[in-house]
Amino acid sequence: MENLVEQTKALGGCCGGVYSYDAVRLILGDAWHPGGLEMTGRLASKLGIGPGDHVLDVACGIGTTARYLALNFRCAVIGVDRSFQNVGEAVRRSSVSDGEVEFAAGESSNTPLADGSADAVIMECVLSSFNDKRRAIAEAIRVLKPGGKLGVSDVVVDGEIPGALRSPSLQAFCVSGALSTAGYRELFRTSGLENLMHEGETEEAMEFVEGIRKKVFVAQLLAGVGKLPVASDQLKEASRLLSMAKRSIQERALGYALFIARKPR
């Protein structure tokens with residue numbers, strides 16, 4: 001893959017994404033999706049990623065997934081994110097020992113990759129946040145080689161959930177724009193992809209919410225003694241919403257799933 005650093009510099013005016021905010025990073029950590037890097041590894045294995053493959057990581061954040069894939073699957077990875085701040089941090093955290101990994105600024109609907117240049121495209125807990133999901137899928141199809149695969153892990157809403165969980169302010173938690181399991185599969189099908197598989201990951205979703213709840217509790221303690229510059233009412237509201245999410249997961253209305261789809265040969 002050609003070096004994309006200069007293209008990234010040229011896109012320095014890109015606005016920051018939701019994951020560039022320090023408060024969100026504090027709560028979610030470096031792996032911002034249920035199952036963390038273990039889930040990433042499972043998704044990559046199901047995609048059949050291996051040495052010599054070229055992979056696009058869409059909305060890569062600070063590059064945690066991209067570096068993990070390059071190092072553990074010996075593939076070449078380009079991570080693309082709309083936030084120049086995230087891209088800069090991803091580059092800063094990377095080293096030669098991480099393997100063949102590069103980062104560039106770009107939109108999910110306009111990535112700096114050539115047509116048919118990728119063996120796989122990964123979208124982890126981001127497709128739900130895109131306003132125009134169909135354009136994002138169309139872009140993935142454009143950059144995929146014939147027979148290349150799209151791997152998506154994301155929140156699914158398969159029942160009634162409290163309206164508060166659909167708030168745009170919760171975009172960082174992948175709920176506000178999430179589709180049903182059938183909705184994602186229909187999106188792939190009508191976009192021209194072949195649905196290969198999907199797996200529900202309810203247990204990982206519950207563990208993710210519980211982990212965030214614990215971090216919010218600690219954040220409340222720190223904010224209470226002036227050690228964290230986050231408003232206490234915001235943390236209280238976050239705790240309330242997480243309780244709602246937990247109940248919705250228990251009721252099987254809210255969950256998490258892996259999807260694999262393929263571009264026709």
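The values are calculated or read from the model by the stated rules, or taken from the named source; none is laboratory data. Please read all numbers here as calculations on a predicted model, not as lab measurements. Every residue, glycine among them, receives a Cβ derived from its backbone with ideal geometry; neighbour counts consider all protein chains shown.
Looking at (1) free of Cβ contacts under 8 Å to residues at least 12 places away in the same chain; (2) over 26 Å from Gly36 (Cβ atoms), which is the only condition Arg134 fails?
Status for Arg134: all satisfied but (1).
Does the range 165-203 hold any residues that are in a helix (DSSP H, G or I) and at pLDDT below 85, and which are they?
Going residue by residue through the range 165-203, those that are in a helix (DSSP H, G or I) are 165-166, 168-173, 181-191, 202-203.
If the condition is that a residue be in a helix (DSSP H, G or I) and at pLDDT below 85, then Arg166, Pro168, Ser169, Leu170, Gln171, Ala172, Phe173, Thr202 are the ones that fit.
Those residues that are surrounded by 13 or more Cβ atoms within 10 Å (Cβ to Cβ) and of a type outside the set (Ser, Thr, Tyr), I need them from the range 252-265; list them, please. Show your work before the answer.
Taking the range 252-265 as the starting set, the residues that turn out to be surrounded by 13 or more Cβ atoms within 10 Å (Cβ to Cβ) are 253-263.
Residues satisfying the conditions are Ala253, Leu254, Gly255, Ala257, Leu258, Phe259, Ile260, Ala261, Arg262, Lys263.
Any idea how many residues of the range 88-112 are farther than 19 Å from Phe130 by Cα and either of a type outside the set (Phe, Trp, Tyr) or free of Cβ contacts under 8 Å to residues at least 60 places away in the same chain (or both)? It would help to see each step written out before you state the result.
Step one: of the range 88-112, the residues farther than 19 Å from Phe130 by Cα are 88-103.
Cutting the leftovers down to either of a type outside the set (Phe, Trp, Tyr) or free of Cβ contacts under 8 Å to residues at least 60 places away in the same chain (or both) gives us 88-102.
Qualifying residue count, the range 88-112: 15.
If I filter the range 223-233 for residues that are over 24 Å from Ala178 (Cβ atoms), charged (D, E, K, R) and in a helix (DSSP H, G or I), do I get at least one hit? So that I can check it myself, show each step before the final result.
Residues of the range 223-233 over 24 Å from Ala178 (Cβ atoms): 223-233.
Keeping just the survivors that are charged (D, E, K, R) gives 227, 233.
Now narrow it down to the ones that are in a helix (DSSP H, G or I): 233.
Yes, some residue in the range 223-233 is over 24 Å from Ala178 (Cβ atoms), charged (D, E, K, R) and in a helix (DSSP H, G or I).
Please note which strands (runs of 3 or more DSSP E) are completely contained in the range 89-159 and include at least 2 residues that are charged (D, E, K, R).
Values: elements: 101-105, 118-124, 144-157.
Qualifying strands (runs of 3 or more DSSP E): 118-124, 144-157.
Looking at Gly183, Gly159, which is the one that is under 18 Å from Lys246 (Cα atoms) and out of contact with any His (no Cβ under 8 Å at 6 or more places or on another chain)?
On the way: Gly183 fails: under 18 Å from Lys246 (Cα atoms).
Answer to the check: Gly159.
Taking Phe130 as meeting all but one of (1) over 22 Å from Arg247 (Cα atoms); (2) exposed (fewer than 14 other Cβ atoms within 10 Å of the Cβ), write down the number of the exception.
That leaves (2) as the condition not met.
Conditions (1) under 30 Å from Gly200 (Cβ atoms); (2) crowded, with 24+ Cβ neighbours inside 10 Å; (3) of a type in the set (A, V, I, L, M), marked per residue:
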| residue | (1), (2), (3) |
| --- | --- |
| Pro34 | yes, yes, no |
| Glu38 | yes, no, no |
| Ser45 | yes, no, no |
| Pro51 | no, no, no |
| His54 | yes, no, no |
| Cys60 | yes, yes, no |
| Gly88 | no, no, no |
| Leu113 | no, no, yes |
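Picking from Val156, Val152, which residue would you name as being surrounded by 16 or more Cβ atoms within 10 Å (Cβ to Cβ), β-branched (Val, Ile, Thr), touching a strand residue (DSSP E or B) at 6+ places or on another chain (Cβ under 6 Å) and farther than 15 Å from Arg262 by Cβ? Working first, answer last.
Values: Val152 fails: farther than 15 Å from Arg262 by Cβ.
None of the other options fit; the residue is Val156.
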